[in-house]
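Data block below; observations after.
Read the figures in this text as sums done on the coordinates, not as results from a lab. What you are looking at is a predicted structure, and each value in this text was computed from that prediction instead of being measured. Neighbour counts are summed over all protein chains in view; Cβ atoms, including those assigned to glycine, are modelled from backbone coordinates with ideal geometry.
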């Protein structure tokens with residue numbers, strides 16, 4: 001077993017002061033070139049599929065749901081608006097925001113574009129919505145702060161580098177609840193940017209668009225007529241981030257240009273809250289409030305995220321892997337209790353088949369969440385069976401608020417989102433810790449675990465990126481700091497030998513604290529950040545100023561002195577007669 005090593009870089013920083021060498025953005029891979037890798041269509045019975053993929057095909061869609069209607073699986077649970085007479089009580093919404101314009105100017109995408117190496121902003125031109133209309137479209141209600149439920153936007157950046165010919169699919173998803181009496185809350189914000197081409201002839205386009213619709217054929221194990229949410233999924237030949245059934249078009253994912261920083265500006269009626277996670281590098285954030293609305297601006301580089309995919313026909317699966325999965329269900333053993341056999345109406349955990357006790361009659365897909373601790377565990381013991389190598393490097397630009405289960409147990413300074421976004425952590429790792437970095441109170445460090453293959457698809461070392469951004473008041477809340485300047489120490493602890501680490505600290509800017517690291521290698525390092533502040537110098541006891549001497553004006557007295565017939569007058573404070581003279585009277 002290799003001994004642990006620590007690569008540590010101590011960085012002192014103060015407000016407005018930058019520091020050491022950074023990783024040149026142009027040298028960072030942002031994905032395998034060209035048309036994106038397609039998830040294989042391993043759908044035969046007897047297959048065990050293991051996949052670690054951060055952003056699968058077919059993004060989230062818009063819908064407005066009545067939870068009471070949803071309880072009956074054979075009734076349409078969707079609502080056309082908050083005033084829909086079919087719907088009552090508190091509703092759930094998922095809304096992809098439109099481009100600012102005729103549809104909305106209060107909950108919308110105001111700007112999107114690219115920043116050149118010289119810092120010049122090239123604003124993209126809105127091209128179209130894709131698809132033209134959401135399957136479960138619903139109307140906005142500005143008085144309730146309910147956004148319009150639409151579809152993703154296609155933008156064009158003229159003369160943009162990259163193989164997508166300058167087309168970008170931008171999805172800004174907002175989710176929450178709306179009550180007719182109290183209005184809407186914003187619980188989640190998720191942003192996706194993808195270079196795309198609109199392609200025809202792909203076999204992943206369904207008869208209807210993604211969203212809630214009744215089952216028509218029952219091929220997936222669901223009962224015909226049952227309402228459920230479905231997407232375009234994967235076909236083995238394409239990676240559609242969205243699709244248009246009417247036009248038979250796929251927004252096929254492509255790679256990002258290597259040296260471009262993208263920016264996005266949103267208008268919102270409700271401010272985003274809490275901690276966020278990103279698949280971006282060196283982000284800069286600004287959130288402003290004016291007249292009860294919010295502007296959310298962010299710029300960042302895309303990153304390459306390794307996907308790991310492996311399929312075994314069950315008889316050929318190595319025994320060491322079989323031992324980790326429950327024979328009856330095919331599930332990872334620590335989770336098998338949650339994925340026991342389900343009814344045919346709601347199969348879970350059995351891939352593209354109904355659940356059975358026989359591994360040769362089911363098709364199992366195990367795809368853990370990238371923030372799942374069980375996913376981290378599984379990736380570590382699958383890496384030797386994929387030669388510690390990525391199956392694909394997917395260029396990614398994404399940002400989202402954490403789900404409630406991810407933030408469970410996090411330090412309260414991180415989760416108190418009443419004042420808005422508390423911070424952002426970003427990484428290009430395949431798997432990562434759930435929630436914000438964890439505070440190790442004994443060491444005073446903020447710790448974050450990540451895991452990814454050691455090698456790229458080409459067999460070269462895959463280099464990691466990590467950003468930690470916090471509101472300055474949140475950092476001071478965690479450590480009980482004053483408003484004085486802060487120092488940071490960043491360490492990468494790994495069992496893979498010496499680390500090649502480059503770091504950059506951007507300091508404090510507009511109320512945000514920025515830390516960035518890049519150039520470290522995987523497979524499973526822990527990143528530690530320690531913030532420190534000099535103890536305030538003791539205040540010297542003031543030396544009393546000596547009182548000024550006070551000269552009191554004393555009155556002089558005149559006396560008359562006599563010696564025989566001779567007289568003299570003597571004037572003094574305490575006059576005395578000369579020798580031989582006597583004071584008269």
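Please say if the range 89-151 is rounded, prolate or oblate, where rounded means a/c under 1.5 for a ≥ b ≥ c the square roots of the C-alpha gyration tensor eigenvalues, and otherwise the choice is prolate for a/b larger than b/c and oblate otherwise?
On the way: a/c = 2.87, a/b = 2.09, b/c = 1.37.
Prolate shape, in that a/c is at least 1.5 and a/b is the bigger ratio.
Which shape class applies to the range 47-102: rounded if a/c is under 1.5, otherwise prolate when a/b exceeds b/c and oblate if not, where a ≥ b ≥ c are the square roots of the Cα gyration tensor eigenvalues?
On the way: a/c = 3.59, a/b = 1.41, b/c = 2.56.
Verdict is oblate for the range 47-102.
Counting just the Cα atoms, what span does the range 46-189 cover along each of its three principal axes? Round to the nearest Å and put the largest first.
Projected onto the principal axes, the Cα atoms of the range 46-189 cover 53, 53, 25 Å.
In Å, what is the Rg of the alpha-carbon atoms in the range 295-335, and how long is Dmax?
According to the Cα coordinates of the range 295-335, Rg and Dmax are 18.6, 56 Å.
Using only alpha carbon pairs under 8 Å that are at least six residues apart, calculate the relative contact order of the range 96-181 and give it in whole percent. Present the calculation step by step, with values, prior to reporting the outcome.
Numbers: 146 pairs, mean separation 25.8, N = 86.
About 30 percent, as a whole number.
I need to check one value: relative contact order of the range 47-128, counting alpha carbon pairs closer than 8 Å and at least 6 residues apart, in percent.
Numbers: 79 pairs, mean separation 16.2, N = 82.
That works out to 20 percent.
Stokes-Einstein D for the range 190-329 at 37 °C, 0.692 mPa s, Kirkwood Rh over Cα pairs, in µm²/s?
The diffusion coefficient I find is 168 µm²/s.
Could I have the simple spin-label model distance between residue 73 and residue 408, label points 7 Å from Cα toward Cβ, reported in nm to one decimal?
Going by the 7 Å Cα→Cβ label model, 2.5 nm.
For residue 461 paired with residue 144, estimate the spin-label separation in nm (one decimal), with each label point 7 Å from Cα along the Cα-to-Cβ line.
5.6 nm
Using all Cα-Cα distances in the range 5-532, what percent lands in each 20 angstrom bin from 0 up to the longest?
Percent of pairs per bin, in order: 21, 57, 22, 0.
Could you give the nm distance between label points at residue 289 and residue 377, where each point is 7 Å from its Cα heading toward the beta carbon?
With each label point 7 Å from Cα toward Cβ, the separation is 4.3 nm.
Going 7 Å from the Cα of residue 41 along its beta-carbon direction, which residues of the range 230-272 have the amide nitrogen within less than 20 Å of the resulting point?
Output list for this probe position: 230-254.
Among bridges DSSP assigns within the range 169-321, what percent are antiparallel (round to 5)? Mind dumping the intermediate values first?
Numbers: 38 of 38 bridges.
Of the beta bridges lying entirely in the range 169-321, close to 100 percent run antiparallel.
What is the fewest-to-most order of 362, 92, 121 by other Cβ atoms lying within 10 Å of their Cβ?
In increasing order of surrounding Cβ atoms, one gets 121, 92, 362.
When each pair of different Cα atoms in the range 268-337 is counted once in the 1/r mean, what is the Kirkwood radius in angstroms, to one decimal? Spell out each step's value before the answer.
Working: mean 1/r = 0.0587 Å⁻¹.
For the range 268-337, inverting the mean 1/r across all distinct Cα pairs yields 17.0 Å.
Please give the FRET efficiency for residue 385 paired with residue 217, using the beta carbon to beta carbon distance and R0 = 41 Å, rounded to the nearest 0.05. Walk me through the numbers on the way to the answer.
On the way: r = 35 Å, r/R0 = 0.86.
Taking R0 as 41 Å, the efficiency between residue 385 and residue 217 is 0.70.
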